[in-house]
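Student: After the structure tokens below, expect a handful of questions from me.
The values are calculated or read from the model by the stated rules, or taken from the named source; none is laboratory data. This one's a predicted model, so the numbers in the text were calculated from it and none came from an experiment. With ideal geometry, Cβ positions are generated from the backbone for all residues, glycine too; neighbour counts draw on all protein chains shown. With ligands, DNA and RNA removed, areas are computed over all heavy atoms of the protein, side chains included. Shrake-Rupley method; radii C 1.70, N 1.55, O 1.52, S 1.80 Å.
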Amino acid sequence: MTRYNPECIFCKITAGLIPATVLYRNDVVVAFRDITPVAPTHVLIIPVEHIRSLSELTEADSEIAAQILLAARIVADITGVLESGYRVVFNNGADALQSVGHIHAHLIGGRPMGWPPFAGHEVRH
Ligand code: AMP
Ligand code: ZN
């Protein structure tokens with residue numbers, strides 16, 4: 001049975017109830033542009049099914065986990081950052097500033113980035 005949370009903003013995007021700029025989708029995942037991009041390419045890749053965070057992912061979700069990563073490669077290709085480089089980030093839980101409780105990979109690229117990320121000044125949004 002498909003996990004769906006009617007209160008969840010990302011579930012609403014998968015259902016087409018709120019608009020998003022979708023770059024890629026298949027039966028398992030949807031990739032759409034972040035509404036507040038931090039780089040020229042900033043795309044969120046989410047599973048269609050509502051899973052709150054990586055911490056709730058189980059062995060039964062292995063196809064979902066794989067599809068998120070495979071979609072990252074496809075989105076990197078579509079957005080033209082496959083060769084220049086890109087970062088894939090899962091913010092998970094409070095310390096990581098996860099703000100939407102539906103697993104999402106941020107795919108960020110199109111500009112040089114620093115490492116380690118976010119050292120120093122954290123901004124809670
Ligand atoms: P996180 O802080 O890791 O939970 O990331 C949540 C991300 O979702 C943020 O980068 C937001 O800009 C983004 N976001 C929130 N609402 C929307 C929306 N309706 N469409 C696209 N991106 C969104
Ligand atoms: Zn959801």
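Student: Determine the share of the chain's accessible area contributed by carbon and sulfur atoms, expressed in whole percent, with a 1.4 angstrom probe. Intermediate results must be reported in sequence, preceding the final value.
Tutor: Values: 4280 of 7610 Å².
That share works out to 56 percent.
Student: Then there's this: Compute the label zone of D27 within the range 53-77: residues whose backbone N is under 14 Å from the point 7 Å along Cα-to-Cβ.
Tutor: 63-64, 67
Student: What nm distance separates the two modelled labels at A60 and L82, each placed 7 Å from Cα along Cα→Cβ?
Tutor: Those two pseudo-labels are separated by 3.5 nm.
Student: Given the Cα-Cα distance of L70 and I35 and 0.36 nm per residue of separation, how much length would full extension add, in nm? Intermediate values should be presented prior to the final figure.
Tutor: Values: separation 35, 0.36 × 35 = 12.60 nm, distance 2.23 nm.
Length gained between L70 and I35: 10.4 nm.
Student: Evaluate the charge dipole of the range 9-109 about its Cα centre and quote only its size in Debye, nearest 20, assuming +1 on the Cβ of each Lys and Arg and -1 on the Cβ of each Asp and Glu.
Tutor: Numbers: 6 positive and 10 negative charges, 71 e Å.
That gives a dipole near 340 debye.
Student: While we're looking at this one, here's another question. Using alpha carbons only, how many degrees (0 to 90, rounded to 10) separate the axis of helix 62-78 from the longest principal axis of the chain?
Tutor: Between helix and principal axis, roughly 40 degrees.
Student: Let me ask you something else. Rounded to the nearest whole Å², what accessible area per residue is found for the chain with the 1.4 Å probe? Before the final figure, lay out each step's value.
Tutor: Working: 7610 Å² over 125 residues.
Per-residue accessible area for the chain comes out at 61 Å².
Student: If each DSSP helix of 4+ residues adds -39,500 (n - 2.57) and the sum is divided by the residues in the chain, what number results at 222 nm, nearest 500 deg cm²/dmol?
Tutor: Details: 2 runs with 23 residues, N = 125.
Computed ellipticity for the chain at 222 nm equals -5500 deg cm²/dmol.
Student: Going by the alpha-carbon gyration tensor, a ≥ b ≥ c the square roots of its eigenvalues, is the range 24-125 rounded (a/c under 1.5) or, if a/c is not under 1.5, prolate (a/b greater than b/c) versus oblate? Mind dumping the intermediate values first?
Tutor: Working: a/c = 1.90, a/b = 1.14, b/c = 1.67.
Judged from the Cα gyration tensor, the range 24-125 comes out oblate (a/c at least 1.5, b/c at or above a/b).
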